[in-house]
Amino acid sequence: MATRKLYDDELKDLSSALIRMGTTAIDAVTRSMQALKTFDKALAKEIIEDDANINAMERDIETMCLKLILKQQPVATDLRKISTAIKMITDIERIGDAASDIAEISMYHDRVNFPDIQDEVLKMAESAKEMVASAIEAYVKGDLELAKATMIKDDVVDDYFLRIRHALGSKIYNDTRDMEIVIDYLMIVKYLERIGDHAVNICEWVHYYVTGIHINEELPDFNS
């Protein structure tokens, strides 16, 4: 019994480590959008350098997971929880990469080029961050309904992406001198769209952790 309690405590430590990594990645996205909004080159450089911290967290959690598997033979639910964590950290690390890439793009901007579009980009970033936060919460709580609700919210992020892409296309149509700026913004919204996809990936693994069943490539109809 004491051994099981110790193992449960270590599983809780794993969840805490994932929360820290996820919070760090979300914070990196927040700061990257701040750098874009305020033209803060020092902040952008700091975000890029800090990406190494997220990479280190990924390695630490991976080591933690392997030790948990080797320490004793985990029951099926434990094994799914640990294997899900291993999958999740890859997506969280890529969210950190996306924040770093956005920060790097922001270093080439020194004025608000498209105020209306920038506002939409900031709102898109908020939606994507909310998805990541709730996806991680779904894992920690083993909350399948929260995972499903989070996956549905990807439609909101995708809608932002389509609207912004259309608006940027109109900018090029009206003035080809804006081409380079438009390409930068297209890259930024693509990174944000991918962050939403990473949150969906996490939720799919939460589904596996809770049910033991992998979601098919076609997302289930959660509204039925």
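Just so it is clear, none of the values below were taken in a lab; they were calculated from the coordinates. Just so you know, these numbers come straight off a predicted model, no measurement behind them. For neighbour counting, all protein chains shown are included, and Cβ atoms are generated from backbone atoms with ideal geometry for every residue, glycine included.
The figures follow:
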quantity	calculated
Single residue of the stretch 12-39 satisfying the filter (under 12 Å from the mean Cα position of the chain (by Cα) and among the polar types (S, T, N, Q)) that is surrounded by the most Cβ atoms within 10 Å (Cβ to Cβ)	THR24
Which numbered condition THR77 misses (of (1) surrounded by 15 or more Cβ atoms within 10 Å (Cβ to Cβ); (2) closer than 21 Å to VAL210 by Cβ)	(1)
First in the stretch 55-72 and farther than 12 Å from GLU10 by Cα, second anywhere and part of a helix (DSSP H, G or I), Cβ under 6 Å, 6 or more apart	MET57/MET21; GLU58/ILE89; GLU58/GLU93
Matching option when the condition is crowded, with 19+ Cβ neighbours inside 10 Å and within 23 Å of ALA35 (Cβ to Cβ), among ILE82, ILE102	ILE102
Residue within the stretch 143-158 that is under 17 Å from THR30 (Cα atoms) and touching a helix residue (DSSP H, G or I) at 6+ places or on another chain (Cβ under 9 Å) present	yes
Among the residues listed as THR38, THR84, THR24, the single one being in contact (Cβ under 8 Å) with a residue 12 or more places away in the chain, polar (S, T, N, Q) and more than 27 Å from THR211 (Cα to Cα)	THR24
